[in-house]
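The values are calculated or read from the model by the stated rules, or taken from the named source; none is laboratory data. Note that the structure is a prediction, hence the values are computed from the model and not measured. Cβ: placed from backbone, ideal geometry, glycine included. Neighbour counts: every protein chain shown.
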Amino acid sequence: MSKTINKNIVCPRCFSNELYRFGKDKNGYQKYQCKICKRQFIPDAKPRKLKGYPRCPKCGKGTFIHHNYKYYVQFRCNDKKCNHSFYQVKPKFINSTSSKSILGKTDFSKIRFPVYLIILVLRLYYLDGSSTRKISKHLMDSWNIKISHVTIASWVKKFAPMFKFISNKLLKTISFKNSNKWHVDETVVFINGKKYYLWVVIDSDTRMIVAYHLSPYRNSSEAFKVLNEAKNLGNPKAIVTDRLPSYNIPVKVLFSSSEHIKVKSFKDDISNNLIESFFKTFKDWYKSKKGFNSFNSANNLIFMFIFHYNFVRIHSSLDNK
Ligand SMILES: [Zn+2]
Ligand SMILES: [Zn+2]
């Protein structure tokens, strides 16, 4: 019984063409419901009004769907003379970055130790690159506090959701609205011997990581995820990437008003060594950890490293030994 639904019929809210038939209205028009956002609509009844397509940004006339892609729609102007084409993102179709799957404790309750001690341990681990054994020994030698390296190994991971909550709040207090450049790049990390990519977006003005994503893939779906998350914080004048083709469409679709600067290498002048410098700090720390043993643990540890890089590092020089 299930006839396939015409692919050109799309949800007026999210442009999905994954639809259910939803009975008929009183005039006999077929009703549909969007599988993605649950919007109900009748495409034939009042097409002009119900379509909800954007107006042409060049001439203000109506538009039609030229291509409906997985993460975006390409619209084209109805006016043949204008013929302008532009993209509209389908945010509901872009999956979250790995930063949305941080697992662990959401408060400090049932912890026998004072919070300042946990903070100290985190700082030693993430900023000084100390091993869990070295930290355990240090606490014994200079504070006469006995905390096993196993406990320390669990502390450095399990509070990640709390710090994620704090990080979200802090990032919102910083204005990235008039940012100059965001640099995007990926580096390789190994989890249980398997290759993964750590994607990061760095703001050139504050030198903060505005988004990250850990994934086994290096394709444009993954670039969409990390750039879509960064987009929640602002709209820089330019996005700087290397020449990896995965960046082309996501930058065009998500940051249509930003210039896309493609550099041959991040050692070029324009990149200001921003990315290089982050990855160098990251790799020094990563080497001292001798790899990761699971995705969840890697994802938590990397987030915590980024938190310290963003919010703790700058001030730590005040009392550096
Ligand atoms: Zn929809
Ligand atoms: Zn037009």
- prompt: Within the range 114-132, which residues are surrounded by 15 or more Cβ atoms within 10 Å (Cβ to Cβ) and part of a loop (DSSP other than H, G, I, E, B)?
  reply: Leu127, Asp128, Gly129, Ser130, Ser131
Residue list for the range 190-219, filter: closer than 17 Å to Ile261 by Cα and of a type in the set (Ser, Thr, Tyr): Ser204
task: State whether one or more residues within the range 95-117 are under 22 Å from Arg13 (Cβ atoms) and of a type outside the set (Val, Ile, Thr).
output: yes
message: I need every pair where a residue in the range 130-147 that is within 18 Å of Arg112 (Cα to Cα) has its Cβ under 9 Å from the Cβ of a residue that is loosely packed, with under 13 Cβ neighbours inside 10 Å and among the basic types (Lys, Arg), sequence separation at least 6 or different chains.
response: Ser136/Lys146; Leu139/Lys146; Met140/Lys146
- request: Take Arg207 and decide whether it is at pLDDT below 95 and either touching a Phe, Trp or Tyr at 6+ places or on another chain (Cβ under 6 Å) or of a type in the set (D, E, K, R) (or both).
  value: yes
task: Might you check whether a residue that is modelled with pLDDT of 90 or more, part of a strand (DSSP E or B) and farther than 30 Å from Leu198 by Cβ occurs anywhere in the range 88-109?
output: no
query: Does Tyr20 fit the bill of being surrounded by 13 or more Cβ atoms within 10 Å (Cβ to Cβ), without any contact (Cβ under 8 Å) to a residue 60 or more places away in the chain, away from ligand 2 (no atom under 16 Å from the Cβ) and not in a loop (DSSP other than H, G, I, E, B)?
result: yes
message: Checking the conditions here, which among Lys195, Lys172 is out of contact with any Gly (no Cβ under 7 Å at 6 or more places or on another chain) and modelled with pLDDT of 95 or more?
response: Lys195
- request: Working carefully through the options Arg55, Arg13, Arg76, Arg21, find the one that is more than 16 Å from ligand 1 (Cβ to nearest atom), touching a Phe, Trp or Tyr at 6+ places or on another chain (Cβ under 9 Å) and not small (Gly, Ala, Ser).
  value: Arg76
field: Condition met for Tyr212 (aromatic (Phe, Trp, Tyr) and assigned to a loop (DSSP other than H, G, I, E, B))
entry: no
- prompt: Looking at (1) more than 16 Å from ligand 2 (Cβ to nearest atom); (2) of a type in the set (A, V, I, L, M, F, W, C); (3) outside any loop (DSSP other than H, G, I, E, B), which is the one condition that is false for Ile9?
  reply: (3)
